[in-house]
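Sharing a structure here in structure tokens format.
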Amino acid sequence: TQETLVLVKPDGVARGLTGAILARIEAKGYALVDIRLVEPDRERLEAHYAEHAGKPFYEPLLEFMMSGPSVAIRVAGNRVIEGFRSLAGATDPTTAAPGTIRGDYGRDWGLKVQQNLVHGSDSPESAARELAIWF
Ligand code: ATP
């Protein structure tokens with residue numbers, strides 16, 4: 001079995017979508033192993049988003065991620081990394097397919113940072129690294 005890090009980002013928490021997102025993870029049959037509400041400092045976010053350092057959206061992304069708490073979830077299941085990214089949908093919430101979390105609840109609000117509700121690790125290496133950052 002595999003583990004992944006899911007984050008319900010500040011927009012998802014502020015909009016009261018945490019429960020709906022957890023329900024989709026559970027309905028798919030994945031296991032919630034650990035869960036915590038986190039107000040990340042800059043250091044934690046710099047570690048999490050190291051690969052994006054220097055990109056134009058990096059600073060706005062960190063500001064957005066410090067705008068309120070996120071819910072960090074350790075999720076387990078067979079092929080859960082790929083499976084959760086499928087549940088989440090494409091990065092851009094405007095074009096994410098209906099039926100996905102981003103497609104059903106997200107849109108482009110005209111802000112600099114795409115507020116796309118969730119994060120999911122993209123590989124086993126990322127999952128191990130990110131789980132150590134958030135838990
Ligand atoms: P995530 O890693 O959050 O699950 P992802 O893998 O689809 O989503 P990444 O390319 O890793 O996205 O980017 C990380 C986050 O940075 C995105 O979720 C989004 O919030 C933000 N982001 C990515 N690209 C852009 C962009 N071009 N403009 C604004 N924000 C962006």
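The values are calculated or read from the model by the stated rules, or taken from the named source; none is laboratory data. All values derive from a computational prediction rather than experimental measurement. Ideal geometry is used to build each Cβ from the backbone, glycine not excepted, and the neighbour counts take in all protein chains shown.
I'd like the residue in the stretch 89-113 that is of a type in the set (Lys, Arg) and out of contact with any strand residue (DSSP E or B) (no Cβ under 8 Å at 6 or more places or on another chain) and, out of all such residues, is modelled with the highest pLDDT. I'd like the intermediate steps shown before the answer.
Filtering the stretch 89-113 for residues of a type in the set (Lys, Arg) gives 102, 107, 112.
Filter once more, so that each one left must be out of contact with any strand residue (DSSP E or B) (no Cβ under 8 Å at 6 or more places or on another chain): 107, 112.
Values: Arg107: 93, Lys112: 69.
Only one residue tops the list, namely Arg107.
If you go through the stretch 94-101 one residue at a time, do you hit one that is part of a loop (DSSP other than H, G, I, E, B), within 10 Å of the ligand (Cβ to nearest atom) and closer than 16 Å to Ala20 by Cβ?
Start the filter on the stretch 94-101 by keeping residues that are part of a loop (DSSP other than H, G, I, E, B), which leaves 94-97, 99.
With within 10 Å of the ligand (Cβ to nearest atom) added as a condition, the list becomes 96.
After this cut, where a residue has to be closer than 16 Å to Ala20 by Cβ as well, the list is 96.
Within the stretch 94-101, one or more residues are part of a loop (DSSP other than H, G, I, E, B), within 10 Å of the ligand (Cβ to nearest atom) and closer than 16 Å to Ala20 by Cβ.
Given the conditions (1) surrounded by 14 or more Cβ atoms within 10 Å (Cβ to Cβ); (2) in a loop (DSSP other than H, G, I, E, B), which single one is not true for Trp109?
Of (1) surrounded by 14 or more Cβ atoms within 10 Å (Cβ to Cβ); (2) in a loop (DSSP other than H, G, I, E, B), only one is false for Trp109: (1).
State which residue is nearest to Gly110 (Cα to Cα) when the search covers only the stretch 38-77 and only residues that are assigned to a strand (DSSP E or B) and touching a helix residue (DSSP H, G or I) at 6+ places or on another chain (Cβ under 8 Å).
Taking the stretch 38-77 as the starting set, the residues that turn out to be assigned to a strand (DSSP E or B) are 38, 70-77.
Then drop every residue that is not touching a helix residue (DSSP H, G or I) at 6+ places or on another chain (Cβ under 8 Å), which leaves 38, 70-75, 77.
Working: Val38: 26, Ser70: 21, Val71: 24, Ala72: 26, Ile73: 28, Arg74: 31, Val75: 31, Gly77: 35 Å.
Filtering first and then ranking leaves Ser70.
Considering only residues of the stretch 113-134 that are part of a helix (DSSP H, G or I) and either of a type in the set (Val, Ile, Thr) or over 14 Å from the mean Cα position of the chain (by Cα) (or both), which is nearest to Pro10 (Cα to Cα)?
This residue is Ile133.
Determine which member of the set Phe57, Phe64 is of a type outside the set (Val, Ile, Thr), near the ligand (Cβ under 8 Å from one of its atoms), under 15 Å from Leu45 (Cβ atoms) and at pLDDT below 95. Before the answer, list the steps.
On the way: Phe64 fails: at pLDDT below 95.
Checking each option against the conditions leaves just Phe57.
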